[in-house]
Amino acid sequence: MIIMAYNRTKTVYEHITSLLHQGRVHFTLIDPAAQSPEEAANTARVAEEVGSDVILLGGSTGASQLLNATGIAIREACSLPVVLFPGNVDGITPNADAVLFMSLLNSMNHYWVIGAQALGAPTIKRMGIEPIPMGYIVVEPGGTVGWVGEAKLMPRSKPELAACYALAAQYLGMRLVYLEAGSGADTPVPVEMIAAVRGTIDIPIIVGGGIRTPEHARNVVKAGADIVVTGTVLEEKGGASETFKQIVAAVKGV
Ligand code: 1GP
(Lines give C-alpha, C1' and ligand atoms only; values in the text may rest on other atoms or scores of the structure.)
Protein backbone atom coordinates (compact mmCIF):
# COMPACT_ATOMS: atom_id res chain seq x y z
CA MET A 1 0.00 0.00 0.00
CA ILE A 2 1.36 3.42 -0.93
CA ILE A 3 0.80 5.86 1.91
CA MET A 4 0.70 9.49 0.87
CA ALA A 5 1.06 11.74 3.89
CA TYR A 6 -0.84 14.97 4.04
CA ASN A 7 1.87 17.62 4.28
CA ARG A 8 -0.35 20.72 4.13
CA THR A 9 1.45 22.07 1.03
CA LYS A 10 -1.63 21.39 -1.06
CA THR A 11 -5.31 21.78 -0.40
CA VAL A 12 -7.21 18.96 1.24
CA TYR A 13 -9.27 18.59 -1.92
CA GLU A 14 -6.10 18.20 -4.00
CA HIS A 15 -4.81 15.68 -1.48
CA ILE A 16 -8.03 13.63 -1.69
CA THR A 17 -7.94 13.82 -5.48
CA SER A 18 -4.36 12.49 -5.48
CA LEU A 19 -5.38 9.63 -3.22
CA LEU A 20 -8.29 8.80 -5.53
CA HIS A 21 -5.87 8.47 -8.44
CA GLN A 22 -4.33 5.54 -6.56
CA GLY A 23 -7.48 3.84 -5.27
CA ARG A 24 -10.38 4.19 -2.89
CA VAL A 25 -10.38 6.38 0.17
CA HIS A 26 -11.60 5.91 3.75
CA PHE A 27 -12.86 8.67 6.05
CA THR A 28 -13.12 8.13 9.82
CA LEU A 29 -16.02 10.05 11.34
CA ILE A 30 -15.54 11.33 14.87
CA ASP A 31 -18.52 12.89 16.62
CA PRO A 32 -17.28 15.26 19.36
CA ALA A 33 -20.57 14.80 21.22
CA ALA A 34 -20.09 11.04 21.51
CA GLN A 35 -16.69 10.89 23.23
CA SER A 36 -14.11 12.85 25.15
CA PRO A 37 -11.33 14.68 23.26
CA GLU A 38 -8.86 12.11 24.63
CA GLU A 39 -10.93 9.22 23.26
CA ALA A 40 -11.27 11.04 19.94
CA ALA A 41 -7.51 11.51 19.80
CA ASN A 42 -6.99 7.82 20.44
CA THR A 43 -9.43 6.90 17.68
CA ALA A 44 -7.68 9.29 15.28
CA ARG A 45 -4.31 7.73 16.12
CA VAL A 46 -5.67 4.25 15.39
CA ALA A 47 -7.33 5.50 12.20
CA GLU A 48 -3.99 6.72 10.90
CA GLU A 49 -2.25 3.49 11.90
CA VAL A 50 -4.75 1.29 10.04
CA GLY A 51 -4.62 3.39 6.87
CA SER A 52 -7.69 5.64 7.02
CA ASP A 53 -7.10 8.83 5.05
CA VAL A 54 -9.12 11.65 6.58
CA ILE A 55 -10.68 12.48 9.94
CA LEU A 56 -14.22 13.83 9.56
CA LEU A 57 -15.21 15.86 12.60
CA GLY A 58 -18.85 16.60 13.32
CA GLY A 59 -22.32 15.35 14.14
CA SER A 60 -25.98 16.22 13.89
CA THR A 61 -26.53 17.23 17.51
CA GLY A 62 -24.59 18.89 20.28
CA ALA A 63 -21.26 19.02 18.48
CA SER A 64 -20.23 22.52 19.45
CA GLN A 65 -19.33 22.17 23.14
CA LEU A 66 -16.31 19.91 22.71
CA LEU A 67 -15.57 20.71 19.08
CA ASN A 68 -12.56 22.97 19.64
CA ALA A 69 -10.93 20.75 22.23
CA THR A 70 -11.55 17.66 20.10
CA GLY A 71 -10.06 19.30 17.01
CA ILE A 72 -6.93 20.26 18.95
CA ALA A 73 -6.57 16.78 20.47
CA ILE A 74 -6.96 15.04 17.11
CA ARG A 75 -4.41 17.29 15.42
CA GLU A 76 -1.90 16.58 18.16
CA ALA A 77 -2.52 12.84 17.89
CA CYS A 78 -2.26 12.29 14.14
CA SER A 79 -1.18 13.90 10.90
CA LEU A 80 -4.29 13.11 8.85
CA PRO A 81 -6.24 16.07 7.50
CA VAL A 82 -9.14 17.07 9.75
CA VAL A 83 -12.25 17.94 7.75
CA LEU A 84 -15.31 19.43 9.40
CA PHE A 85 -18.67 17.78 8.76
CA PRO A 86 -20.92 20.40 10.35
CA GLY A 87 -24.45 19.68 11.45
CA ASN A 88 -25.20 23.39 11.68
CA VAL A 89 -23.46 26.79 11.81
CA ASP A 90 -21.96 25.95 15.21
CA GLY A 91 -20.06 23.00 13.75
CA ILE A 92 -17.07 25.12 12.73
CA THR A 93 -13.70 25.38 14.48
CA PRO A 94 -10.35 26.81 13.31
CA ASN A 95 -8.74 23.58 14.54
CA ALA A 96 -9.40 21.86 11.21
CA ASP A 97 -7.97 21.90 7.69
CA ALA A 98 -11.14 22.00 5.62
CA VAL A 99 -14.91 21.87 5.82
CA LEU A 100 -17.39 19.89 3.75
CA PHE A 101 -19.32 22.95 2.60
CA MET A 102 -22.48 21.04 2.02
CA SER A 103 -26.02 21.61 0.92
CA LEU A 104 -28.65 19.08 1.98
CA LEU A 105 -30.11 18.91 -1.50
CA ASN A 106 -33.27 16.98 -0.64
CA SER A 107 -34.24 19.00 2.41
CA MET A 108 -37.72 20.53 2.45
CA ASN A 109 -36.40 23.49 4.42
CA HIS A 110 -34.28 26.03 2.53
CA TYR A 111 -32.34 26.70 5.75
CA TRP A 112 -30.53 23.36 5.23
CA VAL A 113 -30.15 23.92 1.49
CA ILE A 114 -28.64 27.44 1.59
CA GLY A 115 -29.53 29.30 4.82
CA ALA A 116 -27.02 27.72 7.23
CA GLN A 117 -24.37 27.92 4.51
CA ALA A 118 -24.87 31.69 4.11
CA LEU A 119 -24.70 32.22 7.87
CA GLY A 120 -21.59 30.06 8.24
CA ALA A 121 -19.67 31.29 5.19
CA PRO A 122 -18.21 34.47 6.78
CA THR A 123 -16.94 32.46 9.75
CA ILE A 124 -15.21 30.00 7.43
CA LYS A 125 -13.62 32.88 5.51
CA ARG A 126 -12.44 34.55 8.70
CA MET A 127 -10.94 31.32 10.02
CA GLY A 128 -9.23 30.55 6.71
CA ILE A 129 -10.59 27.00 6.48
CA GLU A 130 -10.74 25.41 3.02
CA PRO A 131 -14.36 24.92 1.89
CA ILE A 132 -15.06 21.84 -0.24
CA PRO A 133 -18.43 22.27 -2.01
CA MET A 134 -20.53 19.12 -1.60
CA GLY A 135 -24.02 17.94 -2.44
CA TYR A 136 -25.49 15.96 0.47
CA ILE A 137 -28.31 13.54 -0.28
CA VAL A 138 -30.06 11.76 2.58
CA VAL A 139 -31.43 8.33 1.73
CA GLU A 140 -33.94 6.21 3.68
CA PRO A 141 -33.88 5.52 6.61
CA GLY A 142 -32.02 8.83 7.09
CA GLY A 143 -31.49 8.68 10.85
CA THR A 144 -31.02 11.78 12.95
CA VAL A 145 -29.70 13.89 10.10
CA GLY A 146 -32.76 13.07 8.03
CA TRP A 147 -35.06 14.20 10.82
CA VAL A 148 -33.07 17.29 11.84
CA GLY A 149 -32.44 18.23 8.21
CA GLU A 150 -36.11 17.86 7.27
CA ALA A 151 -35.16 15.69 4.34
CA LYS A 152 -37.66 14.36 1.87
CA LEU A 153 -35.84 11.06 2.20
CA MET A 154 -34.57 9.54 -1.02
CA PRO A 155 -36.52 6.26 -1.41
CA ARG A 156 -34.24 3.21 -1.37
CA SER A 157 -36.18 1.85 -4.35
CA LYS A 158 -35.56 4.93 -6.53
CA PRO A 159 -31.89 4.96 -7.56
CA GLU A 160 -32.69 7.07 -10.61
CA LEU A 161 -33.95 9.91 -8.40
CA ALA A 162 -30.68 9.94 -6.46
CA ALA A 163 -28.82 10.06 -9.78
CA CYS A 164 -30.83 13.15 -10.83
CA TYR A 165 -29.92 14.96 -7.61
CA ALA A 166 -26.28 13.93 -7.91
CA LEU A 167 -26.08 15.16 -11.50
CA ALA A 168 -27.65 18.46 -10.47
CA ALA A 169 -24.96 18.75 -7.77
CA GLN A 170 -22.25 18.23 -10.36
CA TYR A 171 -23.80 20.75 -12.72
CA LEU A 172 -24.01 23.27 -9.87
CA GLY A 173 -20.24 22.95 -9.51
CA MET A 174 -20.06 20.83 -6.38
CA ARG A 175 -16.85 18.82 -6.03
CA LEU A 176 -18.24 15.83 -4.13
CA VAL A 177 -21.56 14.04 -3.69
CA TYR A 178 -22.36 12.30 -0.39
CA LEU A 179 -25.02 9.56 -0.26
CA GLU A 180 -26.01 9.32 3.39
CA ALA A 181 -28.21 6.61 4.96
CA GLY A 182 -27.91 8.24 8.40
CA SER A 183 -25.46 7.49 11.16
CA GLY A 184 -26.13 4.05 12.64
CA ALA A 185 -28.61 3.12 9.88
CA ASP A 186 -29.84 -0.48 9.83
CA THR A 187 -28.73 -0.85 6.25
CA PRO A 188 -26.29 1.19 4.13
CA VAL A 189 -27.22 3.02 0.93
CA PRO A 190 -28.38 0.36 -1.59
CA VAL A 191 -25.73 -0.75 -4.07
CA GLU A 192 -28.19 -0.20 -6.94
CA MET A 193 -28.41 3.46 -5.98
CA ILE A 194 -24.64 3.87 -5.75
CA ALA A 195 -24.27 2.20 -9.16
CA ALA A 196 -26.91 4.48 -10.72
CA VAL A 197 -25.17 7.58 -9.38
CA ARG A 198 -21.75 6.24 -10.47
CA GLY A 199 -23.11 5.73 -13.98
CA THR A 200 -24.37 9.31 -14.11
CA ILE A 201 -21.77 11.62 -12.57
CA ASP A 202 -18.02 12.15 -12.86
CA ILE A 203 -17.24 13.71 -9.48
CA PRO A 204 -16.28 11.52 -6.49
CA ILE A 205 -19.04 9.79 -4.54
CA ILE A 206 -18.91 9.49 -0.76
CA VAL A 207 -21.09 6.83 0.88
CA GLY A 208 -21.80 6.56 4.60
CA GLY A 209 -24.31 5.49 7.20
CA GLY A 210 -24.70 1.97 8.56
CA ILE A 211 -21.48 0.50 7.17
CA ARG A 212 -20.52 -1.93 9.93
CA THR A 213 -18.76 -4.83 8.24
CA PRO A 214 -15.97 -5.33 5.70
CA GLU A 215 -18.59 -6.90 3.40
CA HIS A 216 -20.72 -3.72 3.50
CA ALA A 217 -17.63 -1.65 2.72
CA ARG A 218 -16.57 -3.92 -0.14
CA ASN A 219 -20.07 -3.86 -1.62
CA VAL A 220 -20.39 -0.08 -1.66
CA VAL A 221 -16.94 0.30 -3.19
CA LYS A 222 -17.66 -2.35 -5.84
CA ALA A 223 -20.88 -0.50 -6.67
CA GLY A 224 -18.90 2.68 -7.39
CA ALA A 225 -18.28 4.59 -4.16
CA ASP A 226 -14.96 6.44 -4.17
CA ILE A 227 -14.92 7.31 -0.49
CA VAL A 228 -16.40 5.31 2.39
CA VAL A 229 -17.23 6.85 5.78
CA THR A 230 -17.51 4.91 9.02
CA GLY A 231 -18.31 6.30 12.44
CA THR A 232 -20.71 4.24 14.54
CA VAL A 233 -18.69 1.05 14.27
CA LEU A 234 -15.91 2.85 16.14
CA GLU A 235 -18.25 3.97 18.90
CA GLU A 236 -19.87 0.52 19.16
CA LYS A 237 -16.76 -1.60 19.03
CA GLY A 238 -13.98 0.77 20.03
CA GLY A 239 -11.39 2.60 17.93
CA ALA A 240 -8.93 -0.25 18.06
CA SER A 241 -11.38 -2.91 16.92
CA GLU A 242 -10.41 -5.52 14.39
CA THR A 243 -13.64 -4.76 12.50
CA PHE A 244 -12.58 -1.18 11.89
CA LYS A 245 -9.20 -2.31 10.60
CA GLN A 246 -10.86 -4.81 8.27
CA ILE A 247 -13.30 -2.19 6.95
CA VAL A 248 -10.44 0.15 6.04
CA ALA A 249 -8.58 -2.76 4.43
CA ALA A 250 -11.70 -3.72 2.48
CA VAL A 251 -12.07 -0.17 1.13
CA LYS A 252 -8.42 -0.09 0.07
CA GLY A 253 -8.38 -3.62 -1.28
CA VAL A 254 -11.14 -3.48 -3.87
C1 1GP B 1 -22.83 9.49 9.27
O2 1GP B 1 -22.28 8.55 7.17
C3 1GP B 1 -21.81 8.79 8.44
O4 1GP B 1 -23.02 10.77 8.84
C5 1GP B 1 -21.29 7.56 9.11
O6 1GP B 1 -22.33 6.69 9.46
O7 1GP B 1 -21.99 6.33 11.90
O8 1GP B 1 -23.31 4.69 10.55
O9 1GP B 1 -20.84 4.85 10.27
P10 1GP B 1 -22.11 5.57 10.59
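The values are calculated or read from the model by the stated rules, or taken from the named source; none is laboratory data. Since we're looking at a predicted model, the values are computed, not measured. Ideal geometry is used to build each Cβ from the backbone, glycine not excepted, and the neighbour counts take in all protein chains shown. Areas reflect the complete protein model, heavy atoms only, side chains present, ligands, DNA and RNA absent. Shrake-Rupley method; radii C 1.70, N 1.55, O 1.52, S 1.80 Å.
One table, with the values for the structure above:
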read-out	value
Two-site label geometry, Asn68 and Tyr171: point separation in nm, points 7 Å out along Cα→Cβ	4.4
Gaussian network model of the chain, springs between alpha carbon atoms under 10 Å - residue of Glu150, Glu38, Glu140 with greatest fluctuation	Glu38
The stretch 12-253, accessible area per residue, ligands and nucleic acids excluded (1.4 Å, Å²)	40
Selected from Ile206, Ile55, Ile129 as most flexible by GNM, with the chain as the system and alpha-carbon contacts under 10 Å	Ile129
Distance in nm between pseudo-label sites at Asp186 and Lys125 (7 Å out along the Cβ direction from Cα)	4.6
Mean separation of Cα contacts under 8 Å, 6 or more apart, over the residue count of the chain: relative contact order %	17
Residue among Ser36, Ser183, Ser157 with the largest mean-square fluctuation in a Gaussian network model of the chain, springs linking Cα atoms under 10 Å	Ser157
For peptides 11-23, 41-53, sequence by mean Cβ density within 10 Å, most packed first	41-53, 11-23
Calculated over the stretch 12-253: convex hull of Cα atoms, volume per residue (Å³)	104
Two-site label geometry, Asp90 and Lys222: point separation in nm, points 7 Å out along Cα→Cβ	4.3
Gain upon complete extension [Ser36, Glu236; 0.36 nm per residue less C-alpha separation]	70.5 nm
Estimated vicinal HN-Hα couplings, Hz - the stretch 217-228 in sequence order (Karplus 6.51, -1.76, 1.60; Gly, Pro = x)	4, 5, 5, 5, 5, 4, 6, x, 5, 8, 10, 10
